[in-house]
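A.B. asks: This is the structure, below, for whatever I ask next.
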Amino acid sequence: MVTTPVKNLTFEEYLAYDDGSGFHYELVDGRLELMNPPTIEHFLITKFIEQLLDAEIQRLSLPWLTFRETGVRTGRNKSRLTDLSVVT
């Protein structure tokens, strides 16, 4: 059984949070929400899209990078884990 903090967390507390379980969480309105593990199909689709984007970025000589499962701050006390993101 996984227990998460009862009190609301700030974004900074979320960044430092580690319960030692290895689970991934998103921060939603100060609360931790446990992420479901992705399926193999999900991983394969993400990898396929990442390879397409990487090839196009290289072809166009753009100074961009792709990252999987990065945290993106979406509000004051909100953060989501992306499947894939492109950063400049």
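A.B. asks: Relative to the present Cα-Cα distance, how much length would full extension add between Arg59 and Glu12 at 0.36 nm per residue of separation?
C.D. replies: Numbers: separation 47, 0.36 × 47 = 16.92 nm, distance 3.77 nm.
This chain segment gains 13.1 nm when fully extended.
A.B. asks: While we're looking at this one, here's another question. Quick one: angle between helix 40-59 and the longest Cα principal axis of the chain, in degrees between 0 and 90, rounded to 10, please.
C.D. replies: 50
A.B. asks: Rg over Rh of the chain, using C-alpha atoms and the Kirkwood radius, what does it come to?
C.D. replies: On the way: Rg = 15.6 Å, Rh = 14.7 Å.
My calculation puts Rg/Rh at 1.06.
A.B. asks: Given Cβ point charges of +1 (Lys, Arg) and -1 (Asp, Glu) and nothing else, what value in debye, to the nearest 20, does the dipole of the range 11-87 about its Cα centre take?
C.D. replies: Numbers: 8 positive and 13 negative charges, 52 e Å.
Computed charge dipole of the range 11-87: roughly 260 debye.
A.B. asks: Efficiency by 1/(1 + (r/R0)^6): what FRET value for Phe48 and Phe23, r their Cβ-Cβ distance, R0 = 25 Å, to the nearest 0.05?
C.D. replies: On the way: r = 26 Å, r/R0 = 1.03.
Computed FRET efficiency for Phe48 and Phe23: 0.45.
A.B. asks: Rank Met35, Phe48, Leu15 by how far each Cα sits towards the positive end of the charge dipole of the range 11-87 (+1 on Lys, Arg Cβ; -1 on Asp, Glu Cβ) and give me just the farthest.
C.D. replies: It is Phe48.
None of the figures in this text is laboratory data; all of them are computed from the coordinates on show. These numbers were taken from a predicted model, which means no experiment stands behind them. Cβ: placed from backbone, ideal geometry, glycine included. Neighbour counts: every protein chain shown.
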